[in-house]
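Worksheet: one structure, shown below.
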Amino acid sequence: MIVFITGATAGFGAAMARTFVQHGHQVIISGRRADRLQDLTDELGQAALPLVIDVSDKQSIHAAIAGLPEDWRDIDVLINNAGLALGTTPAHEASLDDWETMIATNCTGLVTMTRAILPGMVARASGLVINLGSVAGHYPYPGGNVYGATKAFVEQFTLNLRADLVGTGVRASNLAPGLCGGTEFSNVRFKGDDAAAAKVYEGTQPLTAQDIADTAYWIATLPPHVNINSIEMMPTCQGFSPFTIKRG
C-alpha cells in the first residue's frame, strides 16, 4: 500500500508512519517542519517519502501532489491527521485568529487534501480516507467551542463521503480519540505552556499515539468490502461529565 499521512512530524502522524512502514508499506509523510520530516525519513528509510506541506495553504497541497514521483502517485490510503486545538477560553473571550486557524487546518485543509486525492481512488475503484476526528466533535465541553465544531464537521463530512462513495470501492472512516498523551496537542493548545499541558494528563493513563496508529492500521487492513464508519476511543480513566448547571 501507498499511504499518505498529513501532520506526520509528531504525535499520531509519526506513530502511524512508523507502524505502516514496519508492516512493509510505503508512506508519504507530510508536514510543515522540514527538519522533522527529514529526521523521520532518515529513521524509516526508502519506504518513506517526505513532502513539506502546509494543509492550510491550497497551493502548497497542489504543488506537492503534482510533484509526486510516478511510482508514488497511486495512493491507497489518505490519512487526514493534520489538525490542532488552540485555547480553552469561552467563546466570548476566545481569539478569532485562533478560531480561523483551526477552521483553516481542521476543515479547509482536510477537504482540500481529500478533494485532491479522491478522484484517483475513484478512478482505480479502490482506496480509503481516514479522517482524524475527536470525541470533542460528539460531546461539547466548556472552552471546546470552535475546536469541537471543526471535529463535528470532520465527522459529518466523513459520513457524507460514505454517501457519495457507495459502489465506488472507496471507503471513508472517522477516527475519533479522546484523552491522548505523549503528543504536542496540549502544548500547542496552551501555546507552549508546558506546565498547563502536563496538568491535563496529571494522574491519568491516557491513550497513546501508538494506540491511535494501531487503530488506523487495523482500519486500513480490513477486507475491502468492510467500511468502518466511525470509531470513538477513550482511555478507561475518561468518561462523561454531568450537564453544566448554574445555581442561584
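The values are calculated or read from the model by the stated rules, or taken from the named source; none is laboratory data. Keep in mind that this is a model prediction, so the values were computed, not measured. Reconstructed Cβ throughout: ideal geometry from the backbone, glycine too, with neighbour counts over all protein chains shown. Just so you know, the surface numbers come from the protein's heavy atoms only, side chains and all, with ligands and any DNA or RNA stripped out. Shrake-Rupley method; radii C 1.70, N 1.55, O 1.52, S 1.80 Å.
Side notes on the structure shown:
- When Rg and the Kirkwood Rh are both derived from Cα coordinates, the Rg/Rh ratio for segment 1-158 amounts to 0.99.
- Only Cα pairs under 8 Å and 6+ residues apart enter the sum, and on that basis the relative contact order of segment 88-190 stands at 33 percent.
- Environment charge of Ile2, counting only residues whose C-beta is closer than 15 Å and scoring Lys/Arg +1, Asp/Glu -1: -2
- Per residue, the chain reaches -12000 deg cm²/dmol at 222 nm when only DSSP H runs of four or more residues are counted, each adding -39500 (n - 2.57).
- By accessible area with a 1.4 Å probe, ligands and nucleic acids excluded, highest first: order of His62, His25: His62, His25
- Note on segment 131-185: semi-axes of the ellipsoid equivalent to its C-alpha gyration tensor, largest first and rounded to whole Å, are 25, 13, 7.
- The distance linking segment 91-153 with segment 206-248 is 16 Å (Cα centroid to Cα centroid, whole angstrom).
- Over 12 Å [Cα-Cα, segment 88-139], rounded percent: 74 percent
- For segment 43-58, putting each phi into the Karplus relation 6.51 cos²θ - 1.76 cosθ + 1.60 with θ = phi - 60° gives couplings of 6, 8, x, 5, 6, 10, 10, x, 9, 7, 9, 10, 5, 7, 10, 4 Hz, in residue order, rounded to whole numbers and with x for Gly and Pro.
- Unit Cα scatterers, Debye sum, segment 184-248: log10 I(q)/I(0) for q = 0.23, 0.26 Å⁻¹: -1.07, -1.13
- Relative contact order computed over the chain (Cα-Cα under 8 Å; 6+ residues apart), in percent: 19 percent
- Lysines with Cα under 16 Å of Lys199, excluding same-chain neighbours fewer than 8 positions away: Lys191
- Cβ-based net charge around Asp54, under 14 Å, with every Lys or Arg adding one and every Asp or Glu removing one: +3
- The chain - percent of accessible surface contributed by carbon and sulfur, probe 1.4 Å: 54 percent
- Taking segment 163-222 and dividing mean pair separation by its residue count, relative contact order in percent (alpha carbons under 8 Å, at least six apart): 34 percent
- Segments 236-242, 4-10 sorted - mean Cβ within 10 Å per residue, highest first: 4-10, 236-242
- Summed over the residues of the chain and divided among them, the accessible surface reaches 49 Å² per residue at a probe radius of 1.4 Å.
- Sites listed here are trypsin sites (Lys or Arg not before Pro) in segment 19-98 whose DSSP assignment is loop and whose Cβ has at most 14 other Cβ atoms within 10 Å: Arg33, Arg73.
- Working value for segment 117-157: equivalent-ellipsoid semi-axes of 30, 8, 6 Å, each the square root of 5 times a Cα gyration tensor eigenvalue, largest first.
- Computed over the alpha carbons of segment 101-209, Rg followed by Dmax gives 16.1, 50 Å.
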